Amino acid sequence: MHKTSSHRALVTGANRGLGLEFVRQLLARGGRVVAGCRSPAGADALQSLAAAHPGRLHVLTLSVDSDASRLAFAREVADLFEGLDLLVNNAGMLASREQFGELDGQVLEKTLATNTVAPLMLVQALAPLLQRGARPRVLNISSALGSIARADGFYTPTYRISKAGLNMAGVMMAHALNPSGIGVITASPGWVKTDMGGGDAPLSPDESVASLLRLVDELPGVPAGEFLDRTGEPLPW
Ligand SMILES: NC(=O)c1ccc[n+]([C@@H]2O[C@H](COP(=O)([O-])OP(=O)(O)OC[C@H]3O[C@@H](n4cnc5c(N)ncnc54)[C@H](OP(=O)(O)O)[C@@H]3O)[C@@H](O)[C@H]2O)c1
């Protein structure tokens, strides 16, 4: 068990759903956390957590699909942290009810910008901090829906395309970062009760995030962008 991996952590899309639960659990471990979200002033749950953990939670503005926002955010993080031990690329979007014949290219572009481009660009911007981290890790939150081998019908196409691209981005991150000892894990959280997952999902955010953090703690060596489920079983590309 290597709990040092979460000493200084950063979570994107941290104001609700899985992101908020990552922040809760990382704080409960005693770490310092940067929570990126689009609107800190309206992020009531994060503001309450910040008040309950003085000096340990920094809530910063981050729109992951904006170059300017990512760069400003990375500069603010560098002012707060000397090094970064865990970066959780969690922010994501899913366009529902898409039909072939009525696809909207702008929705596809926005989804790619958010789910695929942003994690890679954020890792690039924060690489110098990760290089100064202790047992540094990047955790990309993907989805089993990003498995090309398992694509069994025409539903949620833009989301699937974006997560398949994220899976490749994770492998590219690993090629760039593994030589500096930075591990990269790309994992599916399972089907989880959040705004995105809906009320029928079998898993609570608590269970999902606990298993993902366990994965970060326990995967041996320097992970090279493997595509895994939350228990560490490989998923087919
Ligand atoms: N729930 C599931 O069953 C499930 C399954 C597989 C994978 N996932 C993945 O898990 C991750 C978290 O999902 P979730 O279920 O927690 O979803 P969620 O409840 O819909 O939350 C999505 C989060 O991402 C943020 N976000 C979206 N676009 C953003 C942008 N451009 N800039 C900054 N933040 C942005 C949202 O912020 P706002 O509040 O500002 O919109 C929100 O905080 C996603 O990557 C998702 O694809 C979820």
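The values are calculated or read from the model by the stated rules, or taken from the named source; none is laboratory data. Everything numeric in this text was worked out from a predicted model, so none of it was measured. Because the Cβ atoms are built from the backbone with ideal geometry, glycine has one as well, and the counts that use them run over all protein chains shown. Side chains included, ligands, DNA and RNA excluded: accessible areas come from the protein's heavy atoms. Shrake-Rupley method; radii C 1.70, N 1.55, O 1.52, S 1.80 Å.
Most tightly packed first, judged by the mean number of other beta-carbon atoms within 10 Å of their residues, the peptides 123-135, 91-103, 160-172 read 160-172, 123-135, 91-103. Of the peptides 197-205, 139-147, 28-36, the ranking by mean beta-carbon count within 10 Å, highest at the top, reads 139-147, 28-36, 197-205.
Ranked from largest to smallest solvent-accessible area, with a 1.4 Å probe on the protein heavy atoms, ILE182, ILE148 come out as ILE148, ILE182.
Only Cα pairs under 8 Å and at least 6 apart count here; give the relative contact order of the stretch 1-124 as a rounded whole percent. Here the relative contact order equals 27 percent. For the stretch 3-228, averaging the sequence separation of C-alpha pairs within contact (under 8 Å, six or more residues apart) and dividing by the residue count gives a relative contact order of 19 percent.
Net charge dipole, the stretch 3-228: roughly 540 debye, given to the nearest 20, about the Cα centre with Cβ charges of +1 for Lys and Arg and -1 for Asp and Glu. Once the 1.4 Å probe is applied to the protein heavy atoms, the chain comes out at 46 Å² accessible per residue. When +1 charges are put on Lys and Arg Cβ atoms and -1 charges on Asp and Glu Cβ atoms, the dipole computed for the stretch 87-188 relative to its Cα centre reaches about 460 debye. Using a probe of 1.4 angstrom, how much of the accessible area of the stretch 3-228 is carbon and sulfur, in percent? That fraction is 55 percent.
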